[in-house]
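Peer 1: Take a look at the following structure, please.
Read the figures in this text as sums done on the coordinates, not as results from a lab. Given the structure is predicted, the values throughout are model-derived calculations rather than measurements.
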Amino acid sequence: MSEEISAGLCVSAISFRRSAGATTMRVRGLMLATLAGVGVAYAAYPYVTLYRIGHAIRGGDARTLETLVDWPSVREGIKEDICDYVVDDPGSKAGNSLPPFGASFMRGIASSSIDRTVTPQALAAAGSNGAAHAKQPAAEMRGADVHVEWAFFDSPTTFQVDLKAPGQTQPIRMEMTMHHGEWRVDRVWLPVDLLSGQGGDRT
């Protein structure tokens with residue numbers, strides 16, 4: 001009788017171990033699948049934000065652009081770049097010829113120009129105007145064919161993107177940062193030709 005009880009206990013123990021092992025494998029598989037899903041979603045999230053920005057530009061959606069871009073930070077960064085190029089660059093003609101008052105005046109012009117032109121409303125208006133000409137022949141629309149040339153994670157909370165347009169030798173670089181679980185553009189580096197155009201805009 002005792003042998004039968006012992007055999008029964010052994011069978012129960014083996015069955016329990018097998019059941020526990022199968023449960024552990026299922027839990028591990030579920031955890032790995034969850035982690036993989038989170039990793040894929042995290043890696044794709046910046047691209048989703050880029051798509052939303054592009055869609056908002058083409059649709060003239062200033063409200064969405066306002067939420068996806070830290071506009072004060074972007075404007076300040078462009079102002080600094082313009083001042084470095086137009087005023088502080090020792091190799092530029094403007095930087096060599098401007099007296100202190102002239103340098104200050106140029107900074108003021110650049111600041112005013114950027115405050116007026118680098119806004120969600122201005123970008124949305126430019127995008128909607130481009131969409132209105134979408135029926136033009138493809139050869140006439142190539143200048144608007146901006147595409148992602150390079151994108152990478154600079155850190156777990158920083159993502160950089162290079163945008164290239166046909167005929168443009170230098171890309172536009174954007175830096176996106178994670179803010180409260182959402183990606184937002186907070187820095188833009190413009191090519192030199194665009195910087196000089198912004199700095200020389202006095203209208």
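Peer 1: Calculate, in nm to one decimal, what Glu66 and Ala41 gain on full extension: separation in residues at 0.36 nm each, minus their alpha carbon distance.
Peer 2: That works out to 6.6 nm of additional length.
Peer 1: Assuming a ≥ b ≥ c are the square roots of the Cα gyration tensor eigenvalues, decide whether the stretch 25-71 counts as rounded (a/c under 1.5), prolate (otherwise, with a/b larger than b/c) or oblate.
Peer 2: Values: a/c = 5.04, a/b = 3.91, b/c = 1.29.
It is prolate, given that a/c is not under 1.5 and a/b is the larger ratio.
Peer 1: Starting from the amide H of Arg173, placed 1.01 Å from N in the peptide plane, find each other amide H under 5 Å away whose residue is 5 or more places distant or on another chain.
Peer 2: Leu163, Trp189
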